[in-house]
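Okay, so here's the structure we're looking at.
The values are calculated or read from the model by the stated rules, or taken from the named source; none is laboratory data. Everything numeric here is computed off the predicted structure, so don't read it as measured data. Cβ: placed from backbone, ideal geometry, glycine included. Neighbour counts: every protein chain shown.
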Number of protein chains: 2
Amino acid sequence: MHTRNDCVALDARDALAPLRAHFDLPEGVIYLDGNSLGARPKSALTRAEDVIVREWGTGLIRSWNSAGWFELPKRLGDRLAPLIGAHDGEVVVTDTTSINIFKALAAAVRIQAQNPSRSERRVLVTERSNFPTDVYMAQGLAGWLGRGYALRLVDSTADLRAAIDADTAVVMLTHVNYRTGYQHDMAALSAHAHAQGALIMWDLAHSAGAVPVDLHAHGADFAVGCTYKYLNGGPGAPAFIWVPKRHQAEFEQPLSGWWGHSEPFAMLPTFVPAQGIGRALCGTQPMLSLALVECGLDVFAHTSMEALRIKSLALSDLFIDLVEAHCGDQQLGLVTPRAHARRGSHVSFTHPHGYAVMKALIDRGVIGDYREPAIMRFGLTPLYTRFVDVWDAVDILKQTLCEQAYEIAAVRDAVT
Amino acid sequence: MHTRNDCVALDARDALAPLRAHFDLPEGVIYLDGNSLGARPKSALTRAEDVIVREWGTGLIRSWNSAGWFELPKRLGDRLAPLIGAHDGEVVVTDTTSINIFKALAAAVRIQAQNPSRSERRVLVTERSNFPTDVYMAQGLAGWLGRGYALRLVDSTADLRAAIDADTAVVMLTHVNYRTGYQHDMAALSAHAHAQGALIMWDLAHSAGAVPVDLHAHGADFAVGCTYKYLNGGPGAPAFIWVPKRHQAEFEQPLSGWWGHSEPFAMLPTFVPAQGIGRALCGTQPMLSLALVECGLDVFAHTSMEALRIKSLALSDLFIDLVEAHCGDQQLGLVTPRAHARRGSHVSFTHPHGYAVMKALIDRGVIGDYREPAIMRFGLTPLYTRFVDVWDAVDILKQTLCEQAYEIAAVRDAVT
């Protein structure tokens, strides 16, 4: 079994270890929640100062052109694209994941409705265990479309393939589950959806920057995702949406704001969607939060998703091994798959007092998070997590559990 | 007629003059575009550093609670409320104006559809001259609703009252027109819409922080608006939406994301809207851009909308008088109403070469902007515009026009 010194040695020979220096991480904290809010790139402060003082303060209105504000959603989309197997001109960073889900689902439903052989399909399929906002946005869309549109919530992953059938218009799945860390087989499920005549949209919230994704190779139709988790874009930073070129001409959705117009400054009284990915835009974007997304993306230029994946799996293997070795008698239940191909970049354990235990861990400087019901999540972000962090975190977990140093009655107040 | 020295004297006895010190304005620039992008409050840089270094960098995920991120849309909404005649718990700062238009229109349509005596109404009424994104979002909504829903574009303000009829479900108007600076009579039009059985939504993009607004007293049903113009929230800062308490229980809209759920962290598989204004939220907000909205709102605590309105009208009266006195023979056409009650806080003139003239003005340090067709806009923001700025701007306009110091063939590239 690994000792702490073994972990120190692993860090010493880790080629990715220098990447940690790109981030500002507080002293005395082991941060295992990059799956919820990524750490701060050191460059973010300088970039913000430049946007505020030079671009906003001095450039004022001129910065829409001179500082490239208006083009920023597309420019950042092109920078993000290689991390998810997308091409130039297929991604924009804009709005929220929820809003982008709505756009992609609405467009997908419309494409199916306009296909004579598929126009009777009225079912949207997702998992009951999907992240709530995905479910809620699909409910909002289906309820609002009326005319028999409905959301089918599948109770277990094992039943998913069978639930995609001749009534299915669109399948919407999150690639890596936010609670369990289970990673779907994107290629197999996309192929199955297509074989059944459905389109498929993937939510990459826990995938982008966390696991290799190849949207084109794996046959996805649409994708959305988050920049403030593994991409380290900053709290609530704008989300992204991917529309492959093959679907762009038919991509129409009801959030038809002026930024998605073919000539936004011609001030025409009729909406005409822009050619290309621009039609996935809607309104004016929050430039300061948007600009800082680039600081997170910059770090990825120093490595590859493949290298990050190798370290991510090494970290999560180590975490699982150490927890089972040191806390095996402590009512912890591993939820995350052991199979590498089915695992994301966080590891979850259940505990009967999971909320209280996580609260105690945070008080002791090990920051993970808690998700109902009973799940403690530990994000293992390869950009800045050290092997020795994993060792120390498990050591503190062990102490916390052995000493029962947690308040069972702790009131839930953690927010992520 | 006023001399430059008269203007210097007006500034010397202007009780609002000290407010300019709250803003960072570049040397050598007369900024008359606060109606498009407000100037930078000096406090914005300090606030951004605090959000980035302390809240994000050190607080990390804990800041959702400890720094009040999750409550920020409501807290800022409560701070903004007094500027528009709204009450606590009726405003959230969130998403974009376009998205908020969609929410409010969709909710208004639904309320009408559920009223047995109004359920057959299928027409949304607005002006063809409304800001394009308002028109486009309504087109998107109507097109997707189908079932006969349609947008009626009224060609002239004079025809507006007659266009609101027994078929009208919802009226959507922008209080102050973005091109002309014309200010609608909110009370009269709201009363007329209600008399016709319609609901009415007001876009306050060019009103909030610019002119006194009293949504409750003037009978509005819903409102949206912008924080990055007269409220000085920063480029593309999140917008706001107002839902009065009397409509909150029936306010339901299809963008039903997790932030609008009654228990967002219970992770329930069914959407249940939050009680109160929280149901107007959707997804996770861009915290850095959102936080800086407060820096703009802080400045308003030092004055009142009534005091600002008096100065705004004095500035725009002066501007109109000086332009007509000094440039009266220069093909300029006043578009903005002379009547105070019908005027917003910017003044627009047409010129056959308006785009080229504005470009030349910007090159000479007078920053206004241009809107198709042929309109030059000059924003007269009372928080930081001096009377002497107005004098100097008109002097430079006069020189530019007299010397014909503009390139008629200038290619349009101005973006706002």
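In the range A:341-373, of all residues being among the charged types (D, E, K, R) and under 23 Å from A:Arg309 (Cα atoms), the one that is nearest to the other protein chains (Cβ to nearest Cβ) corresponds to A:Asp369. So, in the range B:13-25, how many residues would count as being more than 26 Å from B:Arg179 (Cβ to Cβ) and facing another protein chain (nearest Cβ under 10 Å)? Within the range B:13-25, residues that are more than 26 Å from B:Arg179 (Cβ to Cβ) and facing another protein chain (nearest Cβ under 10 Å) number 1. Which residues, taken from the range A:233-278, are within 10 Å of another protein chain (Cβ to nearest Cβ) and polar (S, T, N, Q)? A:Gln253, A:Ser256, A:Thr270 - these are the residues of the range A:233-278 that are within 10 Å of another protein chain (Cβ to nearest Cβ) and polar (S, T, N, Q).
Limited to the range A:331-352, what total is found for residues that are touching a Gly at 6+ places or on another chain (Cβ under 8 Å), hydrophobic (A, V, I, L, M, F, W, C) and surrounded by fewer than 22 Cβ atoms within 10 Å (Cβ to Cβ)? Qualifying residue count for the region: 1.
Evaluating B:Val293 against the criteria (1) modelled with pLDDT under 95; (2) within 14 Å of chain A (Cβ to nearest Cβ) leaves one unmet condition, (1). Checking A:Ala48, A:Ala67, A:Ala44 one by one, the residue that is touching a Cys at 6+ places or on another chain (Cβ under 8 Å), buried (at least 18 other Cβ atoms within 10 Å of the Cβ) and of a type outside the set (S, T, N, Q) is A:Ala44 and no other. Looking across the range B:137-151 at every residue that is within 8 Å of another protein chain (Cβ to nearest Cβ) and free of Cβ contacts under 8 Å to residues at least 12 places away in the same chain, the one that is farthest from A:Trp144 (Cα to Cα) is identified as B:Gly143. Could you tell me whether A:Ser98 is in contact (Cβ under 8 Å) with a residue 12 or more places away in the chain, closer than 17 Å to B:Ile99 by Cα, in the same structural domain as A:Gln248 (by the TED database) and not in a strand (DSSP E or B)? So A:Ser98 passes the test. When A:Ser63 is tested against (1) assigned to a loop (DSSP other than H, G, I, E, B); (2) of a type outside the set (A, V, I, L, M); (3) facing another protein chain (nearest Cβ under 10 Å), only condition (1) is not met.
Which ones in the range B:216-230 are more than 14 Å from chain A (Cβ to nearest Cβ) and either within 20 Å of A:Pro286 (Cβ to Cβ) or surrounded by 24 or more Cβ atoms within 10 Å (Cβ to Cβ) (or both)?
Once the filter is applied, which keeps residues that are more than 14 Å from chain A (Cβ to nearest Cβ) and either within 20 Å of A:Pro286 (Cβ to Cβ) or surrounded by 24 or more Cβ atoms within 10 Å (Cβ to Cβ) (or both), the range B:216-230 yields B:Ala220, B:Asp221, B:Phe222, B:Ala223.
The set of residues in the range A:260-305 that are free of Cβ contacts under 8 Å to residues at least 60 places away in the same chain and not in a loop (DSSP other than H, G, I, E, B) comprises A:Gly260, A:His261, A:Pro273, A:Arg279, A:Ser289.
Scoring B:Ala220 on the criteria (1) more than 25 Å from B:Asp165 (Cα to Cα); (2) in contact with a Ser or Thr (Cβ under 6 Å, 6 or more places away or on another chain); (3) free of Cβ contacts under 8 Å to residues at least 40 places away in the same chain leaves a single failure, condition (1). Scanning the range A:26-60 for residues that are more than 8 Å from chain B (Cβ to nearest Cβ), touching a strand residue (DSSP E or B) at 6+ places or on another chain (Cβ under 8 Å) and not small (Gly, Ala, Ser) turns up A:Ile30, A:Leu32, A:Asn35, A:Pro41, A:Lys42. Do we have any residue at all in the range A:306-315 that's part of a helix (DSSP H, G or I), over 18 Å from A:Gly368 (Cα atoms) and of a type in the set (Ser, Thr, Tyr)? Looking through the range A:306-315, none of the residues is part of a helix (DSSP H, G or I), over 18 Å from A:Gly368 (Cα atoms) and of a type in the set (Ser, Thr, Tyr).
Those helices (runs of 4 or more DSSP H) of the range A:124-240 in which at least 1 residues are under 20 Å from the mean Cα position of the chain (by Cα) and aromatic (Phe, Trp, Tyr), considering only elements entirely within it, cover A:132-145. The number of residues in the range B:19-32 that are in a helix (DSSP H, G or I) and touching a residue at least 24 places away in the same chain (Cβ under 8 Å) comes to 3.
B:His302: modelled with pLDDT of 95 or more, under 21 Å from B:Ser98 (Cβ atoms) and away from chain A (no Cβ under 14 Å), yes or no?
Answer is no for this residue.
For first residues located in the range A:388-416 and at pLDDT below 80, partners that are part of a helix (DSSP H, G or I) and surrounded by fewer than 17 Cβ atoms within 10 Å (Cβ to Cβ) and lie 6+ apart or on another chain with Cβ distances below 9 Å form the pairs A:Asp413/B:Asn65; A:Ala414/B:Asn65; A:Val415/B:Asn65. Of all residues in the range A:1-41 being among the polar types (S, T, N, Q) and crowded, with 18+ Cβ neighbours inside 10 Å, which is farthest from A:Asp392 (Cα to Cα)? Selected residue: A:Ser36. Tell me whether the range A:67-74 contains one or more residues that are basic (Lys, Arg), facing chain B (nearest Cβ under 10 Å) and closer than 22 Å to A:Thr94 by Cβ. No - not one qualifying residue is present in the range A:67-74. In the range A:75-91, the qualifying residues are those that are in contact with a strand residue (DSSP E or B) (Cβ under 8 Å, 6 or more places away or on another chain) and away from every other protein chain (no Cβ under 14 Å), and the one that is surrounded by the most Cβ atoms within 10 Å (Cβ to Cβ) is A:Val91. The single residue among B:Asp185, B:Asp167, B:Asp203 that is touching an Asp or Glu at 6+ places or on another chain (Cβ under 9 Å) and surrounded by fewer than 20 Cβ atoms within 10 Å (Cβ to Cβ) turns out to be B:Asp167.
When you check B:Ser256 against the structure, is it farther than 24 Å from B:Leu204 by Cβ, hydroxyl-bearing (Ser, Thr, Tyr) and free of Cβ contacts under 8 Å to residues at least 40 places away in the same chain, yes or no? For B:Ser256, the condition - farther than 24 Å from B:Leu204 by Cβ, hydroxyl-bearing (Ser, Thr, Tyr) and free of Cβ contacts under 8 Å to residues at least 40 places away in the same chain - is met. Here A:Gln285, A:Gln330, A:Gln275 are screened, and the one residue that is at pLDDT below 95 and among the polar types (S, T, N, Q) is A:Gln330.
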